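S.K.: Following this message is one structure expressed as structure tokens.
Please treat every number below as a calculation from the coordinates, not as lab data. Predicted model, so just to flag it, every value in this text is computed and none were measured. Positions of Cβ are backbone-derived with ideal geometry, glycine not excepted, and every protein chain shown enters the neighbour counts.
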Amino acid sequence: MGSDFLKNGIVLLDGATGTVFQQKGLPPGGRPELLNLSDPELVRSVHREYLEAGSQVVYANTFGANRLKLAHTGRSVEEVVGAGVRLAREACAGTGGRTALDMGPLGELLEPMGSLRFEQAYEIFREVAVAGAAAGADLAVIETMTDLYEAKAALLAVKEHTALPVLVTMTFDTGGRTFTGCTIPSMARTLEGLGADAIGLNCSLGPDQLGRLLSELCRNTRLPVIAKPNAGLPDPVDGRYDLGPEAFAAALVPLLDTGVTIFGGCCGTSPAYIRVLKEALAGKVPAPRRYAPVSMVCTPTVPVRIDGVRVIGERINPTGKKRFQQALLEEDLDYILDVGLQEADAGADILDVNVGYPGVDEVAMMPRVVKALQAALPIPLQLDSSNPAALEAGLRVYNGKAAVNSVNGKPEVLEEILPVVKKYGAAVVGLALDEEGIPQTAEERFTIAARILEAARAHGIPEEDVWIDCLTLTVSAQQAQAGETLRAVSMVREKLGLQNVLGVSNISFGLPNRGLITQNFLVQAMAMGLTLPILNPNQSEMMDAVAAFRVLSGEDGECRDYISRFAAQKAAPATAPAGELRLTLDEAIARGLRSEAGRLARAALEQGDGLSLVEGTLIPALDRVGADYERGVLFLPQLLSAAQAAQAVFEEVRSALARQGSAPVKKGRIVVATVQGDIHDIGKNIVKTLLENYGYDVIDLGRDVPPETVAGTVREKDVRLVGLSALMTTTLPSMEATIRLLHTLPRPPVIFVGGAVVTADYAARMGADYYAKDARQSVEIARSILG
Amino acid sequence: MELNVNEALRYLGAGEGADAALRERVEGQAARLTALVRPRYWYRVTPVTHGAQGILLAEAGLFLTGRTAALMLEECGQAVLLACTLGAQFDALLRTEQARDMAQAVILDACGSAWVEAGCDRAEEEIAGRFPGKYLTDRFSPGYGDLPLTVQPELCRALDAQRRLGLCVTPSLLLTPGKSVTAVLGIADRPQRRRVRGCACCSMKQTCTLRKRGMTCGI
């Protein structure tokens, strides 16, 4: 059974089941899904009442029937889901009604908010989807989602394991965000891209508050739109919802004018609401939809509409960067994240992510880097690789709508990469080159661009998701080509109406005062229709040019961004005026002045070697701060500020060594981890910050780390010192299990433990070698073990 | 609703000992946080039945064992279940800040703790306003006294906390998002003694880092 019925006129869904069961005597705290087995007639009768009231689709009683929520009930997913779908089908038999497999949130938050991994969530949903399809559901519904990532896991599971049409509805507050901060445009474009058949809003709000949000949703998607609100809001004191059936229907009918065509009710509604709603909708015609396609990429919280110039940061890329290459080889994700953070702080709208380098397993590295970046940074990513498997691995775990860099005019490349782009609903950059190389004329590049657009369309990719890169060539080598590139940009904009991407930095290679040439080229290209320059946002002259262009194009309304950009620069001069403040490196560290410490370290490195700088100045300065902390004169933030200033010094030392091709100085390796089950990791991160700034090579295994991972890393890398942290009494047993497992290794490491609930006694009882009462003490422990 | 900067400073171990520069940094983070994130809360009122084995909150399908709950709700015919959270947005801010500046992150973390407490205070005021002529007990939470942490999942289920606040419990009984509080308050006909406040009642009293330094968090 296809999804055509969703597209033709008004569709009526059902109302609440949970609150109806409660009215019929389901005890509080009981799992409603178990009624599928214990009281099938009750479940069937509720479905029948909805069908009689006019529902064309009934949701099977499977909302919470997943492995996590059914644990300890003694019932399997297959049993409960199978029974639920069969009961709905029995009720539908002969009525023309359709049965929807209903999938709600899993009840635990996904990473990085919670401990459930995306891949686990996918597996749990897969189990439900397979059971529902096997039992004969006509469609699947994913509802009440507040986390776009969880909705994606569920949608992928349904699409990859069943042929069912899928409806996805999420829950928003009056401010237009879900609890996890997801926006309406982000939801719309991500779920449409992933292949949902209809999308909408359910639960949370009453219908009167949904109008504005639904109208925004209708403007952001081509798909049919669903409204399934609560009967108003419940009163915390008596639990009653404030809208009756007539008021509910009266508030829903005007939604037809926004283009909503699929209606139903959520918490607090009943068959009576659906009956009145059906009458109220009878004979009404929904307004035609007005959807204007706009190019967009997004994370859940930040939709980036390409309706003007948006900067793509180019720095997450190992090409020609020794320090970045080293970070990739050492799997130093913190360094890569730091590069991204700097770009975002400098004003990049999108980050290009390229992790391809000899010796790096790109297929494994791409998703790790994507996860690390999206956990800490809200801006969208452009995944940059020629390896389709790496692209797919990255797109799969990406939360939102990403871009892919790139395809080109070669048929085999298009055939290999476009299906991946389509499947994950990404935007794609098409390079205007083919098997013949880069054409010399604008016309030829335009022809390739048109061919790429044609191929994308044939794969079902909408044209607003196709971006063209007309390619920048070095002007000192091929002077005439600068003009050809600019002409091609203009033709792509004017004749194809597509977005232009262009990496601008190459233009000035080999010339003096490169910045001037690059900036000029950037400005001319923007004037010709470049909307997505790829550049280094840390170069302020490039970002200045973009800011000025946005003023002249009218995009920066009332010059607001421009004014605040330069007001901010005036307020905070990049360097202290000469003569005003002459600090020693030692003082800069003690006062926690990061950039000053870095600058002084650079100067010192021109005179002496890194090691003596570290041992002679850095460590003694940190020790003095540490002693003040012990005496209670300084506090944790100040201790950490000093440590971070020390970090800036270390970064200079590392860069100097990488430039010389020397091995990095590391004083010894330490593994740190927050134990399994525990996800509060700020304490462990504090310890890591301090240890790193004393020069130790810290392998941070993160949080919620299984004992096997700790032991495996220690054995594989022959680590001599391990720090474990736990915050909850409930996770102490997994700390103990980790220690026990480490003791079974042929060369057991020294173990120190800490965290809010750990005491010296308890540490000793668990078999730890040391108890660290605070982060500062972990440094002393490291010194006594590793020197 | 106001974020108590002194409370945040105490969480940082500083309290009165903080110099002006540190206080200013904490005030800066407090201002940023309160502009970006509002605490959300949800509560539910349920009748109390006193039994030999513990306290039954029948409408919520919740059973509270132990002396703490029995003592706290001794004179109460009704109880309020409360949850308050800074939500996923705070966790996201904190993750970014941890990557950018760990010192700033610990300050933000302390401000978050003070801010979620302010949210609970606001909720408590609202509840008090719904019951004129009645008296509320102190708030007490799973993990306080002998009220077991294991009640956390049922408490959240009774509050429908995922639907109402986006609040969940991990298998190891952590509340997610991170800056979240669940609590129980009793509603009585006469004024209630303050019982829960102070270190003697706190489940962290053996391990609290502030106590190790001879200080208290002031609660």
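S.K.: Exactly which trypsin sites (Lys or Arg not before Pro) in region A:206-262 are in a DSSP loop and have at most 14 other Cβ atoms within 10 Å?
M.R.: Numbers: sites: A:Arg212, A:Arg219, A:Arg222, A:Arg240; in loops: A:Arg222, A:Arg240.
Here the trypsin sites (Lys or Arg not before Pro) that fit, given the DSSP loop and packing criteria, are A:Arg222, A:Arg240.
S.K.: For region A:669-786, build the convex hull from the C-alpha positions and give me its volume per residue in Å³.
M.R.: Numbers: hull volume 9.5 nm³, N = 118.
Dividing the Cα hull volume of region A:669-786 by its residue count gives 80 Å³.
S.K.: For labels at A:Glu436 and A:Asn387 in the simple 7 Å Cα→Cβ model, what's the distance in nm?
M.R.: 3.2
S.K.: Extent of region A:585-660 along each principal axis, from alpha carbon coordinates, in Å, largest to smallest?
M.R.: 41, 20, 17
S.K.: Now, a different point. Amide H of A:Arg98: which non-local residues (sequence gap of 5 or more, or other chain) have their own amide H closer than 5 Å, using H built in the peptide plane?
M.R.: Those lying under 5 Å, H to H, from A:Arg98 are A:Val57, A:Val58.
S.K.: Through the Karplus equation 6.51 cos²θ - 1.76 cosθ + 1.60, θ set to phi - 60°, convert the phi angles of region A:112-120 into ³J(HN,Hα) values in whole Hz; use x for Gly and Pro.
M.R.: So the Karplus estimates, Gly and Pro as x, are x, 6, x, 9, 7, 7, 4, 5, 5 Hz.
S.K.: Once you compute Rg and the Kirkwood Rh from C-alpha atoms, what is the Rg to Rh ratio for the protein assembly as shown? Walk me through the numbers on the way to the answer.
M.R.: Values: Rg = 29.9 Å, Rh = 30.7 Å.
Rg divided by Rh gives 0.97.
S.K.: Ok, one more. In a solvent-free Debye calculation with one equal scatterer on each Cα, what is log10 I(q)/I(0) for region A:334-408 at q = 0.24, 0.25 Å⁻¹, listed in the order of the q values?
M.R.: So the normalised log intensities are -1.13, -1.22.
S.K.: Taking H as built 1.01 Å from N, whose amide H comes closer than 5 Å to the amide H of A:Val304, not counting residues under 5 places away?
M.R.: Correct list: A:Val297, A:Cys298, A:Thr299.
S.K.: Give A:Lys688/B:Lys179; A:Lys284/A:Lys423; A:Lys371/A:Lys423; A:Lys69/A:Lys159 a once-over and call out the pairs whose C-alpha atoms are over 27 Å from each other.
M.R.: Numbers: A:Lys688/B:Lys179 22 Å; A:Lys284/A:Lys423 36 Å; A:Lys371/A:Lys423 19 Å; A:Lys69/A:Lys159 23 Å.
Flagged as over cut-off: A:Lys284/A:Lys423.
S.K.: Hey, which of these cross-link pairs are over 23 Å Cα-Cα: A:Lys321/A:Lys422; A:Lys717/A:Lys773; A:Lys322/A:Lys667?
M.R.: Working: A:Lys321/A:Lys422 32 Å; A:Lys717/A:Lys773 27 Å; A:Lys322/A:Lys667 21 Å.
Long pairs (Cα-Cα over 23 Å): A:Lys321/A:Lys422; A:Lys717/A:Lys773.
S.K.: Could I ask something else about it? Need one number: % antiparallel among DSSP beta bridges in chain A, to the nearest 5.
M.R.: 10
S.K.: Label region A:742-787 by shape, choosing from rounded, prolate and oblate, from the square roots a ≥ b ≥ c of the eigenvalues of the Cα gyration tensor; if a/c is under 1.5 it is rounded, and otherwise prolate applies when a/b is larger than b/c, oblate when it is not.
M.R.: On the way: a/c = 2.64, a/b = 1.13, b/c = 2.35.
Oblate.
S.K.: Within a Cβ distance under 13 Å of A:Leu522, other residues only, what is the Lys/Arg minus Asp/Glu net charge?
M.R.: -1
S.K.: Multiplying the sequence separation of A:Glu90 and A:Arg560 by 0.36 nm and subtracting their Cα-Cα distance, what value in nm do you get? Show your work: numbers first, answer last.
M.R.: Working: separation 470, 0.36 × 470 = 169.20 nm, distance 6.17 nm.
Here the segment from A:Glu90 to A:Arg560 would lengthen by 163.0 nm.
S.K.: Given the convex hull over the Cα atoms of region A:4-281, what projected area results after averaging over all orientations, in nm²?
M.R.: Working: hull surface 52.7 nm².
If I average the Cα hull's projected area over directions, I get 13.2 nm².
S.K.: Run through all the Cα pairs of region A:1-106 and give the fraction in each 10 Å bin from 0, expressed as whole percent.
M.R.: Taking all Cα pairs of region A:1-106, the binned fractions are 15, 48, 30, 7, 0 percent.
S.K.: Label region B:88-139 by shape, choosing from rounded, prolate and oblate, from the square roots a ≥ b ≥ c of the eigenvalues of the Cα gyration tensor; if a/c is under 1.5 it is rounded, and otherwise prolate applies when a/b is larger than b/c, oblate when it is not. Display every interim value, and only then the final one.
M.R.: Values: a/c = 5.85, a/b = 3.54, b/c = 1.65.
Because a/c hits 1.5 or more and a/b exceeds b/c, region B:88-139 counts as prolate.
S.K.: Another question, if that's okay. Per-residue HN-Hα couplings for region A:473-481, Karplus 6.51 cos²θ - 1.76 cosθ + 1.60 at θ = phi - 60°, whole Hz, x for Gly and Pro?
M.R.: 10, 5, 6, 6, 9, 10, 5, 5, 6
S.K.: Non-local amide H neighbours of A:Ala403 (under 5 Å, H modeled in plane, Pro and chain starts lacking H): which ones?
M.R.: A:Leu381, A:Gln382, A:Leu383, A:Ala427
S.K.: Rank the residues A:Thr584, A:Thr674, B:Thr182 as a footprinting-exposure proxy: fewest other Cβ atoms within 10 Å of their Cβ go first.
M.R.: Values: A:Thr584 12, A:Thr674 27, B:Thr182 24.
Ascending Cβ contact count within 10 Å gives the list A:Thr584, B:Thr182, A:Thr674.
S.K.: Still on this structure, I have one more. Does region A:671-735 come out rounded, prolate or oblate, given a ≥ b ≥ c as the square roots of the eigenvalues of its C-alpha gyration tensor, rounded meaning a/c under 1.5 and, failing that, prolate meaning a/b above b/c?
M.R.: Note, shape of region A:671-735 comes out oblate.
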